[in-house]
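The values are calculated or read from the model by the stated rules, or taken from the named source; none is laboratory data. Here the structure is a predicted model, which is why all the values come from computation and not from measurement. Quick reminder, even Gly has a Cβ in these numbers, built from the backbone with ideal geometry, and neighbours come from all protein chains shown.
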Ligand code: C2O
Ligand code: CU
């Protein structure tokens, strides 16, 4: 059967509109690559590690000669990295001193509903009035259910395999501007299986949070918010906000000095809307320099070599690079083949001299990955992601809290089919899925492994096999283009 036809096809193109900075762009490859600090637990007991994080405004020196106000976890952008062990509980108390309330979602977390960062389960200070903030906005029905607490304890059982997760703001209607201001950080899960592989670690393991931003003349983040602090984005930017400065871990086009050795790059596209096609330039002779070992949901079965990697917002690729394939003194640029001018560059690696010890050998097998059997599926559901006159919809509906579009049973395999008119990175909460087909053909070259976000291109249908486990409740599916998400391209499903 052919993909269901969608009514109105938007022309392909950039999934957003470029907002130009009003200051001269800084020189590239000057700033040193920052590595976010790893957060220490405030205490630990036999079963869990406890952390405290306060979201606050702070001044950061992101661009030379300018101060930028960030809204950051612990006042930094990116926020501190949290590290968990698989099977060991992580409990994080979040507080907020921000001008607006916030909800915190652990993206990729296998998390019970009450800790999942539901967009109306807010953390904030006294005086925040959500009703006033959302007043006058149609389609914001259901706001009555909002609750604001001065602090919230997010409990993560961590019944999941090693993977690169990230945490970010998920506030109803304001996720785009709040993540843009800096509310995002890494959360890494480690386990025994991964440790046994002896992957590059320490200074040779680099989490890379890639995000484009634009800056106003005074150095502040420029974001085309609606006047009056209402949710949503100004009309020309409804397809997504694209910036002209590429930040990696908060630094513009940074440089990392590397040994002639294997490195582990945990790539995260934390942009609001920009898709990336990452490649190394020059390519080492023989190509295949980006050796993918993991995806959103952890290790692949075996390494997969790529010349370039497409990365939609919120996707993670766990990649190894052997810099000993380059002569000492080479400057290797990480480029974005979907960008142009400044956005075609991301960062660079300066390859050092000889003498670096490296014991690592790339294993042929990485992990035994369970395969969900589509033949066992008990249901097939289709979700159409489409624009209407005013907002972005799923199956013709804008998001309404409390209205579920599906009620899958825990422990059973289902086939979910995502059909789109435009670029939509489709994300499911609670559990990852496996892509089983694209446009009635085979999965694409970036679809391997457990995914929680899938890059769906204009006029495509992507089929995934999914099985939700353990936690009954209401969870979200949405487009991870944050402007689309804020403009209602989100839906709930309930598990039972
Ligand atoms: Cu990364 Cu529902 O979000
Ligand atoms: Cu979208």
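So the values come out like this:
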quantity	calculated
Selection within segment 87-117 - part of a loop (DSSP other than H, G, I, E, B), at pLDDT 95 or above and within 21 Å of the chain's Cα centre (by Cα)	103, 108, 109, 110, 111, 112, 116, 117
Residue 395 modelled with pLDDT under 95, more than 12 Å from ligand 2 (Cβ to nearest atom) and not assigned by TED's automatic domain parsing to the domain that holds residue 117	no
Segment 343-356, residues that are more than 22 Å from the chain's Cα centre (by Cα), farther than 21 Å from residue 294 by Cβ and touching a residue at least 60 places away in the same chain (Cβ under 8 Å)	350, 351, 352, 353, 354, 356
Subset tally (residues that are in a loop (DSSP other than H, G, I, E, B) and within 16 Å of ligand 2 (Cβ to nearest atom)) for segment 164-185	2
Boolean, residue 449 is closer than 30 Å to residue 234 by Cα, away from ligand 1 (no atom under 16 Å from the Cβ) and in contact (Cβ under 8 Å) with a residue 24 or more places away in the chain	no
Options 249, 269: the member that is buried (at least 21 other Cβ atoms within 10 Å of the Cβ) and within 16 Å of ligand 2 (Cβ to nearest atom)	269
Scan of segment 397-408 for residues that are in a loop (DSSP other than H, G, I, E, B) and closer than 19 Å to residue 436 by Cβ, ordered by number	408
Matching strands (runs of 3 or more DSSP E) fully within segment 189-279 where at least 1 residues are more than 22 Å from the chain's Cα centre (by Cα) and either at pLDDT below 95 or within 21 Å of residue 305 (Cα to Cα) (or both)	255-258, 262-269
Which listed residue is within 28 Å of residue 155 (Cβ to Cβ) and either touching a helix residue (DSSP H, G or I) at 6+ places or on another chain (Cβ under 6 Å) or surrounded by fewer than 22 Cβ atoms within 10 Å (Cβ to Cβ) (or both), from 437, 473, 444	473
Subset of segment 413-443 [more than 21 Å from the chain's Cα centre (by Cα), without any contact (Cβ under 8 Å) to a residue 40 or more places away in the chain and in a strand (DSSP E or B)]	437, 438, 441
Complete set of residues in segment 120-140 that are surrounded by fewer than 23 Cβ atoms within 10 Å (Cβ to Cβ) and modelled with pLDDT of 90 or more	120
Selection from segment 321-334 of residues that are assigned to a strand (DSSP E or B) and surrounded by 21 or more Cβ atoms within 10 Å (Cβ to Cβ)	321, 332, 334
Residue 282, sole failed condition from (1) closer than 21 Å to residue 208 by Cβ; (2) surrounded by 14 or more Cβ atoms within 10 Å (Cβ to Cβ)	(2)
